[in-house]
Every structure is written in C-alpha cells, then in structure tokens.
Amino acid sequence: MIENNGNFPSPFHSHVFLGEGHEKNERRTWAVIWLCGAMMIAEVIGGLLFGSIALVADGLHMSTHAGALLLAALAYTYARKRTGDPNFTFGTGKFGDLAGFTSAIILAMIVLLIGYESVSRLFAPVTIHFAQAIPIACLGLAVNIASAWLLSGGAHHHGHSHNHVHEGHDHDEAHRISTKAGVVVLEVFEDGVPPRFRLHVETGPALTAQGTSVETVRPDGTRHLFAMKDQGDCLESVEEIPEPHAFNAQVRIGGKDHAVIFEEHEHAHASADRDNNMRAAVIHVMADAAVSVLVITGLLLARTFGWLWMDPLAGIVGATVIASWSYGLIRDTGAILLDRNPDQRMAANLRQTLESDGDQLADLHLWRLGPGHLGAIISVITTQAREPDYYRARLARFRSLSHLTVEVLHKT
C-alpha cells in the first residue's frame, strides 16, 4: 500500500521572487527612457530632413527601444507593487520575463521594417545630406553609450561571493578552531587545483603534520581519514577531498578532537539567475549602438567614395544583427513562460540527492519563478518512516529552490 503524505506550504510564507537589485534596475530603466526619448525625436526628424534611411531606421528603432524600455520599467514597477497579491499563485517574478518576451517581439517587427526600407533604398537611392546626417548619427551613438553605462550596473549576473567555488557549488567560509595553544583555521582549498584540506595558524605556535589529521563522516556513515603534510605556511591533506563536500569533520590537533560541520550549497545555472527584463533593455541599447556604428560607417563611405548603396546596406546588416539578438531573447524568455526545466544539471542532482539512500523519486517538476528563484514539486516513494521535513533538510543545500513542495508516498 502507498500512503500519500503531502507537505502543504503555509499560506503565510513569502512569495516574493523578484531578482536581486530589482528597485535599482527599475530606477536605471526610467532614467534611460527619458534620455532615449529625446534622442529618438532628434534622429527621426534629422533623418527625414537630410535623406538618410539608415538614420531614420536608427531613430525608428530607438522609438521602439524607448517603448520597450517603458515596458520594462512598468514591468519592474508592477511586479514590485503587486508582490503581495494572492491572485498571483507563484508571485510576480515572471513579469520581467513577460516584458522581455514582448520586447523581443517588438525587435523582430522592427527588423522587418528596417529590412524592407533598406532593400527599397538599394533600388531607389535618395540624396543624403552628409554634413547634417553624420553628426546626428554620432550623437545617437553617444546616447547609446550613455544608456549602456546607466544600465550596466543592473545588466551583469549577480554572482555569489564565497571563498571556495567548485563546479557551481558554494562552500562554507573558513572554519576557525579555538585550541588551548591558539586559533587554527580549517578550509577546503580548491583555487584551480583538486580540493584539499588546509590548516593554518591564526594565533599560537606552528602546527606539525605528525599528530594532526582530519576525519570526515558523511551522512551515510562513510568515514575517511586525511593525513596532513607540511607546505611551509600551512598543513595540507595528502589526499584530495571527494565530492560532495558536505560532511562532519573531526580535526585532531595536539591529541584533541574538534568538531567542524561542512555544508555545500548549490546554485542554479547562470541562466536561471538572469534578469531577462534588464537583459531586454540592454539588448535594445546594444542594438541601437550597433546600428549607430553601421550608420556612421555607411555615411562616411558613401560620402567619400560616392557609394550611396552603403547607407541602406548598413540598415540591412543592422537588421541582421538585431534579428539574431531578438531570436535569442525570444527563445530564452519563451522557455521560462512555458515553464521549461531551467537547469537539467540541478534536476539530475536533485534526483541523485533524493535517491542516494534507497528512496525513489516518483515525480519532479522544476521551473523558474523569477531571477534567481526556482520552484520545485517533488514526489518521493520510501519504505522508511520519513516525513517531508526530512527531504526538505536533504535539499537545503540547493539555495535557488525558493518554493519547495514535497509529497511523500510511504510504500509498505
């Protein structure tokens, strides 16, 4: 018989799954909107007056760019203000992905417009007033650079600052051990080398390898004794430390044992932490910058050599570049909106963790709730007297799991 023991989340736990720096990104986006709105007007008017289709194309794209940035800013604002709205079952963290998807669609539409107009001008060239068009294009590039600078603080991936990182895992900070002779620091050292224990003195006399050791005890009872060797400024274990680095350690120093607990925390793949709302804003800025560079190049060559076809060719090349960026954004945000598994490696590690002591994972659903936040629904079949809290503790090292529901099926 299989008994269903569900773990139902408390109605009072948090459903705030916004990305790190959400409000700061919101402010940056509004600042860029005002800057680009002013430049948009100047480029469109200038392009029409001076006969540059590439400049008009840049202005038209900037108009949609300003609109897309407005969409991003509104998404930030709405998601922040509605975090407590119970109508959103899993919070408002996906508003940014929805805005990013919409921005990508807008970019794709502009690609078609730029491409059509540029091809038309190849067959029907118009007179270009270079003296007026080139300075405006340069001004447009300057605005794009300023916009990128304003957004740059929120565009990068927010990593996790820890002393020791190995294949996507975060380890505890160094452990300080107080002895009668002084303070000793134990750490797992793996800076570009296989992981080993290191012991160094913070206060007190130097350590000797003889009589000093580290013994690990893993959750399944497996023990491993690590002898130490003298490295001059520290003692280092002779053997490498096998993964995972989650265990209790007995550190023997001067005939005395000291208990230390090592925990390992795993984060999702970088794509699960990415703020696609800010990414869309940055792509719009980058697209504008790329088109601006092409516009300037095309105008200079057309003026120098009389190659009027260089101006529309710049529009075609720019459209191709923007199309590539648009496709990537549509692909990634669409996958999130459709609840595609955001991290196959984490899913495999979840399965391995739950099945490592004889249980069977019957069902696993893993999806993204917002930047840096994943949700999971897990169903486990066990013959042991284990409750949901046992499995929650087993999965505590997966720091990106912000919403976890566990169902335990007791098999008798």
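The values are calculated or read from the model by the stated rules, or taken from the named source; none is laboratory data. It should be emphasised that the depicted structure is a prediction, and the values quoted were computed from it without experimental measurement. As a convention, Cβ positions derive from the backbone with ideal geometry for all residues, glycine included, and neighbour counts pool all protein chains shown. These area figures cover heavy atoms from the full protein model, side chains too; ligands, DNA and RNA do not enter into them. Shrake-Rupley method; radii C 1.70, N 1.55, O 1.52, S 1.80 Å.
Summary of values
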| item | result |
| --- | --- |
| Condition met for residue 357 (outside any loop (DSSP other than H, G, I, E, B) and acidic (Asp, Glu)) | no |
| Selected residue (criterion: surrounded by the fewest Cβ atoms within 10 Å (Cβ to Cβ)) from residues of the range 225-259 that are part of a strand (DSSP E or B) and under 36 Å from the mean Cα position of the chain (by Cα) | 259 |
| Residue identified as modelled with pLDDT of 65 or more, within 26 Å of residue 369 (Cα to Cα) and either surrounded by 13 or more Cβ atoms within 10 Å (Cβ to Cβ) or over 29 Å from the mean Cα position of the chain (by Cα) (or both) among 67, 84 | 67 |
| Tally of residues being at pLDDT 90 or above and open to solvent by 90 Å² or more (accessible area, probe 1.4 Å) across the range 199-224 | 1 |
| Filter result for residue 324 (closer than 22 Å to residue 71 by Cα, among the polar types (S, T, N, Q), in a helix (DSSP H, G or I) and over 20 Å from the mean Cα position of the chain (by Cα)) | yes |
| Failed item, numbered, when residue 186 is tested on (1) open to solvent by less than 40 Å² (accessible area, probe 1.4 Å); (2) at pLDDT below 90; (3) in contact with a Phe, Trp or Tyr (Cβ under 7 Å, 6 or more places away or on another chain) | (2) |
| Residue 384 vs. criteria farther than 30 Å from residue 138 by Cα, in a helix (DSSP H, G or I), of a type in the set (S, T, N, Q) and open to solvent by 30 Å² or more (accessible area, probe 1.4 Å) | no |
| In the range 107-129, the residues that are open to solvent by 50 Å² or more (accessible area, probe 1.4 Å) and modelled with pLDDT under 85 | 113, 116, 117, 119, 121, 122, 123, 124, 125, 126, 127, 129 |
| Conditions (1) farther than 19 Å from residue 254 by Cβ; (2) in contact with a strand residue (DSSP E or B) (Cβ under 7 Å, 6 or more places away or on another chain); number of the one not met by residue 194 | (2) |
| Set 376, 319, 362: member being open to solvent by less than 50 Å² (accessible area, probe 1.4 Å) and touching a strand residue (DSSP E or B) at 6+ places or on another chain (Cβ under 8 Å) | 376 |
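This table checks each residue for (1) at pLDDT 80 or above; (2) open to solvent by 40 Å² or more (accessible area, probe 1.4 Å); (3) closer than 30 Å to residue 390 by Cβ.
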| residue | (1), (2), (3) |
| --- | --- |
| 197 | yes, no, yes |
| 261 | yes, yes, yes |
| 270 | no, yes, no |
| 291 | no, no, no |
